[in-house]
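Structure first, then comments.
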Amino acid sequence: MGRILERPAFAVAAALLLAALPARADKITLRLADGLPTTHIINRTIVEPFIRQVSEATHGAVEIRHFPAEQLGKSRDMLMLTQAGVADIGFIVPSYQSDRMPLSTVTELPGIFQTSCQGDAALRTLTAEGAILDEREFKPNGLKPLIIFLMPAYQLILSSSRPLGALKDAGGLKIRTPGGAMDLTLMELGAVPIRVGPGDIYEGMSRGTLDGALLAYQSAVAYHLGPLLKSGTLGQDFGTVAVTFSIRLKTWNALPADAQETLSRISQSLSRQACEKFDKAEQESLATVRALGINLVTPTDSDHAALEAAFAQVRANWAKRLDARGKAGTEIMKAFMDAAEAAKPR
Amino acid sequence: MSALLAVIARAEALLATIASVVLGATMAIVATDVVMRYGFNHPFGWSYDLVSLYFTLVLFYFCLSRAFSAHAHVAVDILHYYVSARTRRVFALISCTLSAPLFAIIAAVTFQRAVDAFARHDIIEGAIEWPTWAYLALAPLGTALLTLRLLVDATAHAVALSGGPELIPLPPLARSDEGLEGASFE
């Protein structure tokens, strides 16, 4: 035995083994990647507090390194990058991954909830541990949703000089959507949906390849679209996108229980606070675009009725198309509508 | 060996021809789309996705192997001016031998992604339901052909170095007569 211990090869192997073993006191470093500008409200109100609170709660034992602005890859590739371990926590937006997470795009359906907090609560119900979206889409994609919330209801904003007197005026215009159900909504309005990431809208609008976009006003301000905009709708619900910061399941399972508990607690707290922060920011952004002289249009009564009919048609079509591919479209839509009803402010 | 080289050359020519047709189609679609948009207020809803998801990938992957065999790719040949033809062939052999496994891995990984997407019936949701396997399959097709080209070229260079026939010529030097005359991709 003594002779074995004296062998150089054994010493090298032992040293390598010891170096490879993580000491309990080792700092855990997680890479968080997103595709947002550092000034974006999501970074300011969600990501930065998340990083700071996790560091404080664990006394620096868990460090989250932030890679914003598509430093690790395009927003549309975040799912793949997170699955591959390039990022530990990824900015996963189901609308950008509708091929892999079609059911999670249910939030894009228009006219389901009245307030952001109601929509957020419904989404949290569906993505909770063991709930339908967790089991059907997040787990099969190797993800655990940490922070999850909805952006404020999207509005139709136009850079085209065509006046937006009524919704029918959007007919024939090329409008950016995140894809999915919002494409169907625009088609119902006679517009042409163009699927591009938010980072490409400015270029599209400046070149005239896009006439407008479906987007929340706070995102329009964050992406500096204000000077390009001429008009936009006010107070409509064209659906919205769910935003998640999801951790790779393999990474999550390898974390110590106390780190898991801390991450879960802080994530849930931030998710619950998100809607109020975003609603407030949306009002501030509205004031900003108003000051730029953008024509904000409230639909007429006849427009409103037409919209309601179009929205109902969109929801039915969306569910039917998913059902036809064996994807439980009707089931998820009903579950989301029921959860939204249960979360309705009384 | 010569027959194999000829078969690969035909496959490269076929894919490059398809890419040329796709390039022409892209220009036609984009131009028509502009006319439809400004002239008739009815732009194509499918043109952006068709071009960005499928056509650009065809243009890239279907020309990979042809670009390599025609020496139309970017290559650093500073040292080639100072060494003998035999050493240049050694460089070419090393280059092909190192590149082949890399492109083989890309082909294998992208092929698996395409197969998975096909099995899951993955579709990009939206106005038109675009199947993802169809564009994911373009990458393994192009990179597999390039891998084959690299392996065959490596073998041909090895044959030439061991005293056999020169089945493929050396890459022409930039600014040389042969480079100016014969190396055009077009």
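The values are calculated or read from the model by the stated rules, or taken from the named source; none is laboratory data. Remember, it's a predicted structure, so these values are computed and weren't measured experimentally. No Cβ is skipped: glycine too gets one built from the backbone with ideal geometry, and neighbour counts run over all protein chains shown.
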Checking B:GLU125 against (1) surrounded by fewer than 19 Cβ atoms within 10 Å (Cβ to Cβ); (2) charged (D, E, K, R); (3) closer than 27 Å to B:VAL22 by Cβ, which single condition isn't satisfied? (1)
Across the range A:253-305, what is the total count of residues that are outside any helix (DSSP H, G or I) and closer than 30 Å to A:THR58 by Cα? 2
Yes/no for A:GLY90 being at pLDDT below 95 and in contact with a helix residue (DSSP H, G or I) (Cβ under 6 Å, 6 or more places away or on another chain): no
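Rundown of residues vs (1) crowded, with 21+ Cβ neighbours inside 10 Å; (2) over 22 Å from the mean Cα position of the chain (by Cα); (3) outside any helix (DSSP H, G or I), yes/no style:
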{"residue": "A:PRO193", "(1), (2), (3)": "yes, no, yes"}
{"residue": "A:GLY199", "(1), (2), (3)": "no, no, no"}
{"residue": "A:MET205", "(1), (2), (3)": "yes, yes, no"}
{"residue": "A:SER219", "(1), (2), (3)": "yes, no, no"}
{"residue": "A:GLY239", "(1), (2), (3)": "yes, no, yes"}
{"residue": "A:PHE245", "(1), (2), (3)": "yes, no, yes"}
{"residue": "A:THR251", "(1), (2), (3)": "no, no, no"}
Taking the range A:110-121, which residues are within 15 Å of the chain's Cα centre (by Cα) and crowded, with 24+ Cβ neighbours inside 10 Å? A:GLY119, A:ASP120
Residues that are more than 14 Å from chain B (Cβ to nearest Cβ), part of a helix (DSSP H, G or I), in contact with a Phe, Trp or Tyr (Cβ under 8 Å, 6 or more places away or on another chain) and not β-branched (Val, Ile, Thr): does the range A:324-345 have at least one? yes
Of all the residues that make up the range A:144-184, how many are within 14 Å of another protein chain (Cβ to nearest Cβ) and more than 16 Å from the chain's Cα centre (by Cα)? 14
Considering only the range A:292-305, I want to know if a residue exists there that is within 24 Å of the chain's Cα centre (by Cα) and surrounded by fewer than 18 Cβ atoms within 10 Å (Cβ to Cβ). no
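To keep it simple, each residue is scored yes or no on (1) among the acidic types (Asp, Glu); (2) closer than 21 Å to B:ALA11 by Cβ; (3) modelled with pLDDT under 95; (4) touching a His at 6+ places or on another chain (Cβ under 7 Å).
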position: B:ARG66; (1), (2), (3), (4): no, yes, no, no
position: B:SER69; (1), (2), (3), (4): no, yes, yes, no
position: B:ILE78; (1), (2), (3), (4): no, no, yes, no
position: B:TYR81; (1), (2), (3), (4): no, no, yes, no
position: B:ALA107; (1), (2), (3), (4): no, yes, no, no
position: B:THR110; (1), (2), (3), (4): no, yes, no, no
position: B:VAL115; (1), (2), (3), (4): no, no, no, no
position: B:ILE124; (1), (2), (3), (4): no, no, yes, no
position: B:GLY142; (1), (2), (3), (4): no, yes, no, no
Single residue of B:TYR81, B:TYR54, B:TYR38, B:TYR48 found to be more than 29 Å from B:PRO131 (Cβ to Cβ) and within 14 Å of another protein chain (Cβ to nearest Cβ): B:TYR38
Only one of A:PRO163, A:PRO227, A:PRO152 is within 23 Å of A:GLN283 (Cβ to Cβ) and at pLDDT below 90. Can you tell me which? A:PRO152
Taking the condition of being more than 30 Å from B:THR132 (Cβ to Cβ) and in contact with a Pro (Cβ under 8 Å, 6 or more places away or on another chain), how many residues in the range A:37-77 meet it? 1
Which numbered condition trips up A:MET187, out of (1) crowded, with 23+ Cβ neighbours inside 10 Å; (2) facing chain B (nearest Cβ under 10 Å); (3) assigned to a helix (DSSP H, G or I)? (1)
Wholly within the range A:88-181, strands (runs of 3 or more DSSP E) carrying at least 2 residues that are under 21 Å from A:ASN253 (Cα atoms): A:89-92, A:143-150
Failed criterion for B:ALA154 (all others in (1) at pLDDT 95 or above; (2) crowded, with 20+ Cβ neighbours inside 10 Å hold): (2)
From the options B:ALA160, B:ALA127, residue that is hydrophobic (A, V, I, L, M, F, W, C) and not in a helix (DSSP H, G or I): B:ALA127
Within the range B:121-147, which residues are touching a residue at least 12 places away in the same chain (Cβ under 8 Å) and facing chain A (nearest Cβ under 7 Å)? B:ILE124, B:GLY126, B:ALA127, B:THR132
Quick one: which residue in B:LEU93, B:LEU59 is more than 14 Å from chain A (Cβ to nearest Cβ), modelled with pLDDT of 95 or more and under 30 Å from A:ILE194 (Cα atoms)? B:LEU59
Mind checking whether some residue in the range B:101-112 is of a type in the set (Val, Ile, Thr), surrounded by 20 or more Cβ atoms within 10 Å (Cβ to Cβ) and assigned to a helix (DSSP H, G or I)? yes
Answer with yes or no whether A:VAL47 is modelled with pLDDT of 95 or more, β-branched (Val, Ile, Thr) and closer than 18 Å to A:VAL93 by Cβ. yes
Suppose the filter is of a type in the set (D, E, K, R) and in contact with a helix residue (DSSP H, G or I) (Cβ under 9 Å, 6 or more places away or on another chain); does A:ARG52 pass it? no
Among the residues of the range A:326-337, the number that are of a type outside the set (A, V, I, L, M, F, W, C) and touching a residue at least 40 places away in the same chain (Cβ under 8 Å) is 3
